[in-house]
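Participant: Take this structure first; my questions come after.
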Amino acid sequence: MKNISITLLILLTTSKLFGQPPVVAKLQAKPVALVGGMAHIGNGQIIGNSVILFENGKITEVAEAGRTTPDPARYEVIDITGKHIYPGLIAPNSRIGLDEVGSVKATRDNSETGVVNASVRSLVSYNTDSELIPVTRSNGVLLAQVAPEGAVVSGTSSVVQFDAWNWEDAAYRKDDGLFVNWPDYFSRGNRFAEGAGPAKKNEARAAVLQELDRTLTDGLAYSQIRNPVPVNLKLEAMRGLYDGRKTLFIRADYAKEIIEGVQFARQHNVKKVVVVGATDAWMVVDFLKENNVPVILNALHRLPTREEEDVDMPYKLPALLHKAGVLVGLAYGDQPMQLRNLPFVAGNAAGYGLTREEALMLVTSNNARILGIDGRTGTLAVGKDANIVVSTGDLLDMRFSDVTHAFISGRQISLDNKHKRLNNRFSAKYGF
């Protein structure tokens, strides 16, 4: 009994000290009008002095101030004069909600054992109580694609919104795609580590390709069976690849691997392919454009792949692809605790060949198109979900970004988070 009492005391103390994620917002009860802000539409356009109306979770009007005057008796009018309005940012290829503390195995649920895990669904492992979610959405990221990792065929991803009680409520687009890790030609260790030797030929590569060939061939044959008995869960999860309902996301970085992966998918009748990572995309830009293959780049804050590359190649890669006509989106890689910095990485791209509005597209409309949710979100447009962010300054510049309002499907969500609570706690202690 004494041990139980001590345990309860510890739990209560810990709960009071660290708090809990904010309460989920209720459904939008009254129409809202955001008046006077500079609207960044997400498609390259700007409205300097705007009025944005939304009702029942949907945007009903986007116009210049003066063209429409919302009735205060009907609308909740929010004056945001001098502030900036953006579509909610979207983070692809993320493991937020699947991985809480990297050094604690019990909090990591981003990969599964086995080689072909097509039936693994990242959605059902998504933890809506993650402390990383409120921190991330406080910087304007309101949706993410949670993607599995590991194995050859990692499993299926889903798109979630960042204000929900459980994974069912969080689901924005279920099972949007299948992730595959394309085998490297060479086994590459950390080239900066002391004593690191040259790259070695990947001896397991042939066996992996053979397994992938068998898997996609079986998947195609299975997809042509209308009512299979018994149901094969792995092959059932792949059915959408052959009719365009799902996308095959291929993680590949080097030029030959990118070409090989795309051609392999096409040969197996896969309709939609996206390359993830793609550090060598600038070498195969014509191939990507000819095959209409979008690219999701990981975090730009890295060193060049090769010593002979330009030192700023990672930063200017989005501009090189965008100007060549390749649909390019931006992710933050596999670091969920750093996903809050996604807008600032997009801002970094604006300093290397893109305009501010083109950089914004990398994390709004472009990502929405790649993930197949552009009919619902990604831009501030009539009929789309009211996923909206308001900031006192440029959302893509960490010097000025300060999110004051955020709405998901019209619901105004809390911007409280653990970082702010700790800041307030220790500011009070040290008198800052």
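Participant: I'd like to know which of Ser365, Gly393, Tyr430 lies farthest towards the positive end of the charge dipole of segment 351-432, counting +1 on Cβ of Lys and Arg and -1 on Cβ of Asp and Glu.
Facilitator: The listed residue farthest towards the positive side: Tyr430.
Participant: If you place +1 on the Cβ of every Lys and Arg and -1 on the Cβ of every Asp and Glu, how big does the dipole about the Cα centre of the chain come out, in debye to the nearest 20?
Facilitator: It works out to roughly 780 debye.
Participant: Further question on the same structure: At 222 nm, what value in deg cm²/dmol follows for the chain if DSSP H runs of at least 4 each add -39500 (n - 2.57) and the sum is divided by all its residues, to the nearest 500?
Facilitator: Mean residue ellipticity at 222 nm (helix-derived): -8000 deg cm²/dmol.
Participant: Okay, moving on. Please report the antiparallel percentage of DSSP beta bridges with both residues in the chain, rounded to the nearest 5.
Facilitator: 55 percent
Participant: While we're looking at this one, here's another question. What distance in nm separates the two pseudo spin-label positions at Asn227 and Ala207, each 7 Å out from Cα along the beta-carbon direction?
Facilitator: Label-label distance for Asn227 and Ala207, simple model: 4.1 nm.
Participant: Right, something else. Using 0.36 nm times the number of residues separating Glu168 and Lys323, minus their current alpha carbon distance, what extension gain do you get?
Facilitator: So the extension gain works out to 51.9 nm.
Participant: So if I take the alpha carbon set of the chain, get Rg, then get Rh from the Kirkwood formula, what is the Rg over Rh ratio?
Facilitator: Rounded to two decimals, Rg over Rh is 0.99.
Participant: Now for a different question. If you average the sequence gap of Cα pairs under 8 Å that are 6 or more apart and divide by the length of segment 183-294, what percent do you get for the contact order?
Facilitator: Over segment 183-294, the number comes to 20 percent.
Participant: Distance from the Cα centre of segment 136-178 to that of segment 206-234, in angstrom?
Facilitator: Result: 25 Å between the Cα centres.
Participant: Using the Karplus equation 6.51 cos²θ - 1.76 cosθ + 1.60 (θ = phi - 60°), what ³J(HN,Hα) coupling, rounded to whole Hz, does each residue of segment 299-308 give in order, writing x for Gly and Pro?
Facilitator: For segment 299-308, the Karplus curve yields 3, 7, 7, 8, 7, x, 5, 10, 5, 7 Hz.
Participant: Using a simple spin-label model with points 7 Å from Cα along the Cα→Cβ vector, what separation in nm is obtained for Leu27 and Thr305?
Facilitator: 4.9 nm
Participant: Explain nothing, just compute: Karplus ³J(HN,Hα) = 6.51 cos²θ - 1.76 cosθ + 1.60, θ = phi - 60°, for every residue of segment 205-211 in order, whole Hz, x for Gly and Pro.
Facilitator: Ordered by residue, 3J(HN,Hα) equals 4, 4, 5, 5, 5, 5, 5 Hz.
Participant: Build a GNM of the chain with springs between Cα atoms under 10 Å: which of Ser130, Ser409, Ser158 gets the top mean-square fluctuation?
Facilitator: Result: Ser130 has the largest fluctuation of those listed.
Participant: For a label point 7 Å from the Cα of Phe400 along Cα→C-beta, name the residues of segment 28-62 whose backbone N is under 20 Å from it.
Facilitator: Residues passing the 20 Å test: 35-51.
Participant: So which lysines can Lys201 reach, going by Cα to Cα under 26 Å and dropping same-chain residues fewer than 8 places off?
Facilitator: Lys256
Participant: Considering the chain as a Gaussian network with a 10 Å cut-off on Cα pairs, which listed residue, Tyr126, Tyr172, Tyr222, attains the greatest mean-square fluctuation?
Facilitator: Between Tyr126, Tyr172, Tyr222, it is Tyr222 that shows the largest mean-square fluctuation.
Participant: Ok, one more. Suppose each label sits 7 Å from its Cα in the direction of the beta carbon; what would the Lys289-Gln338 distance come out to in nanometres?
Facilitator: It works out to 3.1 nm between the two label points.
Participant: Let me ask you something else. Taking amide H positions as placed 1.01 Å from N in the peptide plane, with prolines and chain starts having none, which residues 5 or more places from Asp99, or on another chain, fall under 5 Å of its amide H?
Facilitator: Here Asp109 satisfy the definition.
Participant: Related question: Output the pairs from Lys26/Lys384; Lys200/Lys316; Lys105/Lys316 with a Cα-Cα distance over 27 Å in this structure; if there are none, say none.
Facilitator: The answer is Lys200/Lys316; Lys105/Lys316.
Participant: Just add up the charged neighbours of Lys105: K/R +1, D/E -1, any other residue whose Cβ is under 15 Å from the Cβ of Lys105.
Facilitator: So the environment of Lys105 carries a net charge of -3.
FYI, it's all coordinate maths here, none of it is from the lab. Since the model is a prediction, treat every value here as computed from it, not as a measurement. No Cβ is skipped: glycine too gets one built from the backbone with ideal geometry, and neighbour counts run over all protein chains shown.
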